[in-house]
1. In degrees, nearest 10, range 0 to 90: what is the angle between the Cα axis of helix 166-182 and the longest Cα principal axis of the chain?
2. Obtain the nm distance between the two label points defined at Ser148 and Thr366 by a simple spin-label model: each point lies 7 Å from its Cα along the Cα-to-C-beta direction.
3. Measuring from label point to label point, each 7 Å out along Cα→Cβ, what is the Gln127 to Asp95 span in nm?
4. Please sort 162-171, 128-137 by packing, taking for each peptide the average over its residues of neighbouring beta carbons within 10 angstrom, highest first.
5. Tell me whether the stretch 197-275 comes out rounded, prolate or oblate; compute the Cα gyration tensor, take square roots of the eigenvalues as a ≥ b ≥ c, and use a/c under 1.5 as the rounded threshold.
6. Would you list, by chain and number, the lysines whose Cα falls below 30 Å from the Cα of Lys81, excluding same-chain residues fewer than 8 positions away?
7. In what sequence, highest mean first, do 25-34, 184-193, 79-88, 340-349 appear when ranked by Cβ atoms within 10 angstrom?
8. Taking only Cα atoms, what is the 0 to 90° angle, nearest 10, from helix 317-330's long axis to the longest principal axis of the chain?
Amino acid sequence: MDLLEYQGKQLFATYGIPVSPGEAVTTVDDAVAAAERLGYPVVVKAQVHVGGRGKAGGVKLASDAAEARTHAGNILGLDIKGHVVRTVWIEKESDIAAEYYASFTLDRSAKKYLGMLSSQGGVEIEQVAAESPEAISRIHIDPVEGLSEDACRGWVEAAGLAPEATGGAVEILMKLYRAYTEGDADLVEINPLILTPEGRVHALDAKVSLDDNAVFRHPDYEQYDATQPRDEREQAAHDKGLQYVGLDGTVGIIANGAGLAMSTVDIVSQVGGAPANFLDIGGGANAEVMAGALEVINNDPLVRSIFINIFGGITKGEEVANGIVQALGRVSISSPIVIRLDGTNAEEGRAILEPHLSDALRMQPTMIDAARTAVELAGGR
Ligand code: GDP
Ligand code: MN
């Protein structure tokens, strides 16, 4: 789950990382009012789940109310790489002597955390990594041992920041490491981490990605749910507790288990079709879950056929079949359905489905046959 900049900054602030005061607003009038309260100059910043906002015209300095009004008006509604700006963050402007880069993430191959620090911040780190990899100072951190202040200082000294930034940088990085670990983040990034002309070090941007599997440990993270970017289909599926990812094809897919759902997406593509989605209904395939899944797919205007691919494991074939039959009684589906049912008690399950078969509800013995039929019914790619 990715946070917006202002949410990341608020999270940083709870760990004592210095950030600029600011306010998140959704209208031009509120933006001007916030700017008046903060005092000029301010920065008007687009809040979207994508980087490179500055280059896209989503970060503007305003030195009076008229400028604040103009910039907020231009930025609200702006489309940045397909993300429409609904919220702007108005923050007190900072003077910049130097822009640095700092982040913590997980290096899976090293089985350690990886800290990256660079004196060349502000620009995209991928560019720095490509053009001058030596400008990035790295530290691998054993998750059990953690990050000591001495190790942190050595890392900072190797990065070639201005000498007066060292103390402030060490302090912030120790706090950022706490935010990363205690906050159960997958990524924390500050770009730019700035040095002010007065010698203070300070986070001017915040990129935070939280581990969805750890949200139960942080009840306050629930507040971020509302601002997650989801298309309508994904929102509907999320509300029903389904594991769904929207794609742009015409074959709707329902499978039990993430692995099978992924294979189903693959096989539909392999036989020349285009999957409309990934949807994993999980282990149980009762009528309610099946009906919910069918509803979500049926509401997708691009869908032309639906492929239900179930492999019975702990959930027996007849339970799945009964679930499908009951679900079909509850929702009226506008696209033809193809079912492949295999695994535990598949025979019993198929016998239950048999009397319900028609042009609108077909059954195929194998996954590839079912995929071919579904793709054919969708009219190919
Ligand atoms: P991004 O483009 O999405 O990464 O957005 P940032 O928050 O990193 O802002 C982009 C750039 O705008 C920064 O690298 C700074 O150069 C500039 N910027 C942002 N805030 C301020 C500020 O308070 N003062 C000044 N002088 N520049 C700022
Ligand atoms: Mn940035």
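Read the figures in this text as sums done on the coordinates, not as results from a lab. On a predicted model such as this, the values are computed, not experimentally measured, just so you know. FYI the Cβ positions are ideal-geometry reconstructions off the backbone, even for glycines, and counts take in every protein chain you see.
1. In the chain, helix 166-182 runs at an angle near 20 degrees to the longest axis.
2. According to this spin-label approximation, the distance is 6.1 nm.
3. For the pair Gln127/Asp95, the computed spacing is 2.6 nm.
4. 162-171, 128-137
5. Here the stretch 197-275 falls in the prolate category.
6. Excluding near neighbours in sequence, the set is Lys9, Lys45, Lys55, Lys60, Lys92, Lys207, Lys240.
7. So the order, starting with the most tightly packed, is 184-193, 340-349, 25-34, 79-88.
8. 80
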